[in-house]
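Rule-based calculations on the coordinates, nothing more; no lab input. A quick note: this is a predicted structure, and the numbers were derived from the prediction, not measured. All Cβ positions, even for glycine, are placed from backbone atoms using ideal geometry, and neighbour counts span all protein chains on display.
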Amino acid sequence: MKIKTLPCPERLRHVPRQFSWIDQRLVRNRHIQGPTPRALALYLLLCTVADAEGLSYYSDASTGALLTCSGSELRAARAELVATGLIAYQSPFYQVLSLEPRPAAAVVATAAEPRIGDVRSIGEIFRAMMEVPK
């Protein structure tokens, strides 16, 4: 049996007071395998800046500057994360979603309900990507 040793014990990681962490199920359940690197960079940023409820409201300009990407690249990354169920977005708010499996009833939305974080058609995704930022 190998004995676990810390290479740098003086820098042992702790969950910070301000709540910022990434769920290990992102890797274990293979959520990390679908999105592009740009979308994963956006996810990392959102996990880092989100509050305890997963909410963040960084502007597109600030987010794009931090990720060094254009508005269209940011919209595409955001659409990927929404389509894969990792985040919800309702301008100006992002929500990092739980990686718990969703009950089947939660996937169905009526026409009157916003479909944030739920399955969307490719047409809806493209329309969202083509929206002009306000």
### Query
Ile32: net charge of surrounding residues, Cβ under 14 Å, Lys/Arg +1, Asp/Glu -1, itself excluded?
+2
### Efficiency of FRET between Ser70 and Ser91 - r from beta-carbon atoms, R0 22 angstrom, step 0.05
0.80
### Message
Cut-off 20 Å, label point 7 angstrom out along Cα-to-Cβ of Asp51: give me the residues of region 71-93 whose amide nitrogen falls inside.
### Response
87-93
